[in-house]
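**Student:** Pasting a structure below so you can have a look.
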Amino acid sequence: MSDVHMPSAPDTLLLAPTDRVPNNPRLPVLLYRSVARGADGEGTASAFERLFAANGWPAQWRAGIFDYHHYHATSHEVLGVARGSATVLLGGPDRERVEIAAGDVVVLPAGTGHCRVRCSPDFLVIGGYPEGQQDYDLQTAPPTDGIRARIAAVPVPPQDPVQGRDGSLVRLWAAG
(Lines give C-alpha, C1' and ligand atoms only; values in the text may rest on other atoms or scores of the structure.)
Protein backbone atom coordinates (compact mmCIF):
# COMPACT_ATOMS: atom_id res chain seq x y z
CA MET A 1 0.00 0.00 0.00
CA SER A 2 1.30 3.47 -0.86
CA ASP A 3 1.22 6.52 1.27
CA VAL A 4 1.23 10.06 -0.04
CA HIS A 5 3.72 12.66 1.13
CA MET A 6 2.95 16.33 0.55
CA PRO A 7 6.16 18.09 -0.44
CA SER A 8 6.35 21.72 0.62
CA ALA A 9 7.34 23.07 -2.79
CA PRO A 10 8.17 21.70 -6.23
CA ASP A 11 11.25 22.34 -8.31
CA THR A 12 10.35 24.64 -11.20
CA LEU A 13 11.56 25.00 -14.78
CA LEU A 14 10.48 27.88 -17.02
CA LEU A 15 11.22 26.80 -20.58
CA ALA A 16 11.62 29.33 -23.37
CA PRO A 17 9.95 28.66 -26.71
CA THR A 18 11.98 27.15 -29.55
CA ASP A 19 11.30 27.06 -33.28
CA ARG A 20 10.16 23.41 -32.90
CA VAL A 21 8.35 23.43 -29.53
CA PRO A 22 6.24 26.31 -28.17
CA ASN A 23 6.70 25.45 -24.46
CA ASN A 24 4.87 27.81 -22.16
CA PRO A 25 6.65 31.15 -21.78
CA ARG A 26 4.68 32.14 -18.66
CA LEU A 27 3.96 28.92 -16.68
CA PRO A 28 6.77 26.79 -15.23
CA VAL A 29 6.97 23.00 -15.21
CA LEU A 30 6.51 21.72 -11.64
CA LEU A 31 8.51 18.73 -10.41
CA TYR A 32 7.48 17.16 -7.12
CA ARG A 33 9.86 14.54 -5.71
CA SER A 34 8.84 11.46 -3.68
CA VAL A 35 5.12 12.23 -3.49
CA ALA A 36 3.94 8.61 -3.27
CA ARG A 37 5.73 5.65 -1.79
CA GLY A 38 4.70 2.05 -1.97
CA ALA A 39 5.91 -1.50 -1.87
CA ASP A 40 4.81 -2.03 -5.46
CA GLY A 41 3.87 -0.08 -8.56
CA GLU A 42 0.19 -0.96 -8.27
CA GLY A 43 -0.09 0.66 -4.85
CA THR A 44 1.69 3.76 -6.07
CA ALA A 45 -0.40 3.90 -9.26
CA SER A 46 -3.63 3.68 -7.25
CA ALA A 47 -2.39 6.34 -4.83
CA PHE A 48 -1.71 8.72 -7.73
CA GLU A 49 -5.11 8.01 -9.28
CA ARG A 50 -6.86 8.83 -5.99
CA LEU A 51 -4.71 11.94 -5.35
CA PHE A 52 -5.15 13.37 -8.84
CA ALA A 53 -8.92 12.71 -8.85
CA ALA A 54 -9.34 14.32 -5.42
CA ASN A 55 -7.63 17.45 -6.76
CA GLY A 56 -9.59 17.77 -10.02
CA TRP A 57 -7.03 16.13 -12.34
CA PRO A 58 -8.56 12.67 -12.94
CA ALA A 59 -6.14 10.08 -14.29
CA GLN A 60 -6.88 9.01 -17.85
CA TRP A 61 -4.20 6.46 -18.59
CA ARG A 62 -1.47 4.13 -17.33
CA ALA A 63 1.46 3.81 -19.73
CA GLY A 64 4.90 5.29 -20.37
CA ILE A 65 5.98 8.55 -22.00
CA PHE A 66 6.34 8.68 -25.77
CA ASP A 67 9.91 8.51 -27.09
CA TYR A 68 9.36 11.39 -29.50
CA HIS A 69 9.00 15.12 -28.88
CA HIS A 70 5.39 16.18 -28.46
CA TYR A 71 3.24 18.70 -26.63
CA HIS A 72 -0.42 19.49 -25.94
CA ALA A 73 -1.94 22.78 -27.05
CA THR A 74 -5.34 22.36 -25.39
CA SER A 75 -4.50 21.05 -21.92
CA HIS A 76 -2.07 20.92 -19.06
CA GLU A 77 -0.84 17.43 -18.05
CA VAL A 78 0.19 15.64 -14.86
CA LEU A 79 2.51 12.61 -14.89
CA GLY A 80 2.91 10.47 -11.77
CA VAL A 81 5.70 7.90 -11.89
CA ALA A 82 4.23 4.74 -10.36
CA ARG A 83 7.12 2.40 -11.05
CA GLY A 84 10.67 2.49 -12.41
CA SER A 85 12.68 5.47 -13.58
CA ALA A 86 13.38 7.46 -16.72
CA THR A 87 15.26 10.31 -18.27
CA VAL A 88 12.94 12.77 -20.00
CA LEU A 89 13.79 15.70 -22.19
CA LEU A 90 11.63 18.73 -21.44
CA GLY A 91 11.31 21.71 -23.75
CA GLY A 92 12.40 20.09 -27.02
CA PRO A 93 15.63 18.78 -28.50
CA ASP A 94 18.79 19.82 -26.64
CA ARG A 95 16.84 21.29 -23.71
CA GLU A 96 16.38 20.14 -20.09
CA ARG A 97 17.20 16.51 -19.21
CA VAL A 98 15.36 15.47 -16.06
CA GLU A 99 15.65 12.22 -14.12
CA ILE A 100 12.37 10.97 -12.68
CA ALA A 101 11.68 7.94 -10.51
CA ALA A 102 8.86 6.11 -8.76
CA GLY A 103 6.94 8.52 -6.54
CA ASP A 104 7.76 11.67 -8.55
CA VAL A 105 5.15 13.90 -10.19
CA VAL A 106 5.72 16.21 -13.18
CA VAL A 107 3.15 18.89 -14.03
CA LEU A 108 3.47 20.17 -17.60
CA PRO A 109 1.79 23.41 -18.62
CA ALA A 110 0.13 23.41 -22.05
CA GLY A 111 2.70 23.67 -24.84
CA THR A 112 5.56 22.05 -22.94
CA GLY A 113 7.54 19.64 -25.08
CA HIS A 114 8.37 16.28 -23.55
CA CYS A 115 10.06 13.11 -24.73
CA ARG A 116 11.35 9.96 -23.02
CA VAL A 117 15.06 9.45 -23.65
CA ARG A 118 15.47 6.21 -21.70
CA CYS A 119 13.58 4.25 -19.06
CA SER A 120 13.82 1.18 -16.89
CA PRO A 121 11.94 -1.90 -18.16
CA ASP A 122 9.29 -1.52 -15.43
CA PHE A 123 8.60 2.20 -16.05
CA LEU A 124 4.91 3.09 -15.49
CA VAL A 125 3.29 6.52 -15.48
CA ILE A 126 -0.19 7.65 -14.43
CA GLY A 127 -1.29 10.52 -16.67
CA GLY A 128 -4.12 12.97 -16.30
CA TYR A 129 -5.48 16.39 -17.21
CA PRO A 130 -7.49 19.00 -15.31
CA GLU A 131 -11.26 18.64 -15.32
CA GLY A 132 -12.58 20.23 -18.50
CA GLN A 133 -9.28 19.61 -20.35
CA GLN A 134 -9.48 15.83 -20.80
CA ASP A 135 -9.96 16.23 -24.57
CA TYR A 136 -6.25 16.84 -25.03
CA ASP A 137 -4.53 17.00 -28.39
CA LEU A 138 -1.14 15.62 -29.41
CA GLN A 139 1.11 17.95 -31.37
CA THR A 140 4.45 17.07 -33.00
CA ALA A 141 4.74 19.79 -35.63
CA PRO A 142 6.37 23.18 -35.04
CA PRO A 143 3.89 25.64 -33.55
CA THR A 144 1.82 27.98 -35.65
CA ASP A 145 0.31 31.26 -34.48
CA GLY A 146 -3.00 29.40 -34.04
CA ILE A 147 -1.38 26.76 -31.79
CA ARG A 148 0.33 29.47 -29.71
CA ALA A 149 -3.07 31.21 -29.30
CA ARG A 150 -4.69 27.94 -28.15
CA ILE A 151 -1.91 27.40 -25.59
CA ALA A 152 -2.30 30.95 -24.25
CA ALA A 153 -6.08 30.40 -23.90
CA VAL A 154 -5.81 27.23 -21.74
CA PRO A 155 -7.08 28.29 -18.30
CA VAL A 156 -5.08 27.78 -15.13
CA PRO A 157 -6.79 25.02 -13.14
CA PRO A 158 -8.23 25.91 -9.72
CA GLN A 159 -6.23 23.15 -8.00
CA ASP A 160 -2.73 21.71 -7.93
CA PRO A 161 -2.88 17.97 -8.76
CA VAL A 162 -0.68 17.18 -5.73
CA GLN A 163 -1.42 19.88 -3.14
CA GLY A 164 -5.00 20.88 -3.97
CA ARG A 165 -6.62 24.33 -3.82
CA ASP A 166 -3.86 26.05 -1.85
CA GLY A 167 -1.05 24.31 -3.73
CA SER A 168 2.05 25.62 -5.39
CA LEU A 169 0.54 25.47 -8.89
CA VAL A 170 -2.23 27.86 -7.91
CA ARG A 171 0.28 30.40 -6.55
CA LEU A 172 3.01 29.98 -9.17
CA TRP A 173 0.75 29.83 -12.22
CA ALA A 174 -1.49 32.70 -11.07
CA ALA A 175 1.55 34.97 -11.27
CA GLY A 176 2.20 33.75 -14.85
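The values are calculated or read from the model by the stated rules, or taken from the named source; none is laboratory data. This is a predicted model, so every value here is computed, not measured. Quick reminder, even Gly has a Cβ in these numbers, built from the backbone with ideal geometry, and neighbours come from all protein chains shown.
**Student:** Quick one: in the stretch 36-54, of everything that is surrounded by fewer than 23 Cβ atoms within 10 Å (Cβ to Cβ) and modelled with pLDDT under 90, which residue is nearest to Asp166 (Cα to Cα)?
**Tutor:** Arg37
**Student:** Let me ask something else about it. In the stretch 156-170, what residues are in a loop (DSSP other than H, G, I, E, B) and either modelled with pLDDT of 95 or more or crowded, with 19+ Cβ neighbours inside 10 Å (or both)?
**Tutor:** Once the filter is applied, which keeps residues that are in a loop (DSSP other than H, G, I, E, B) and either modelled with pLDDT of 95 or more or crowded, with 19+ Cβ neighbours inside 10 Å (or both), the stretch 156-170 yields Val156, Pro157, Pro158, Gln159, Pro161, Val162, Gln163, Gly167.
**Student:** For residues in the stretch 86-105 being among the small types (Gly, Ala, Ser) and out of contact with any Phe, Trp or Tyr (no Cβ under 7 Å at 6 or more places or on another chain), which is nearest to Leu27 (Cα to Cα)?
**Tutor:** Among those that are among the small types (Gly, Ala, Ser) and out of contact with any Phe, Trp or Tyr (no Cβ under 7 Å at 6 or more places or on another chain), it is Gly91.
**Student:** Sort out for me the strands (runs of 3 or more DSSP E) sitting completely within the stretch 1-70 that have 3 or more residues that are in contact (Cβ under 8 Å) with a residue 40 or more places away in the chain.
**Tutor:** Qualifying strands (runs of 3 or more DSSP E): 29-32, 59-63.
**Student:** Out of the residues in the stretch 83-120 that are within 19 Å of Asp11 (Cβ to Cβ) and of a type in the set (Ser, Thr, Tyr), state the one that is nearest to the chain's Cα centre (by Cα).
**Tutor:** Checked the stretch 83-120; the qualifying residue nearest to the chain's Cα centre (by Cα) is Thr112.
**Student:** Let me confirm something: among Arg26, Arg118, which residue is surrounded by fewer than 17 Cβ atoms within 10 Å (Cβ to Cβ), more than 21 Å from Val154 (Cβ to Cβ) and among the charged types (D, E, K, R)?
**Tutor:** Answer to the check: Arg118.
**Student:** Restricting to the stretch 8-17, what's the tally of residues that are crowded, with 17+ Cβ neighbours inside 10 Å and over 13 Å from the mean Cα position of the chain (by Cα)?
**Tutor:** 2
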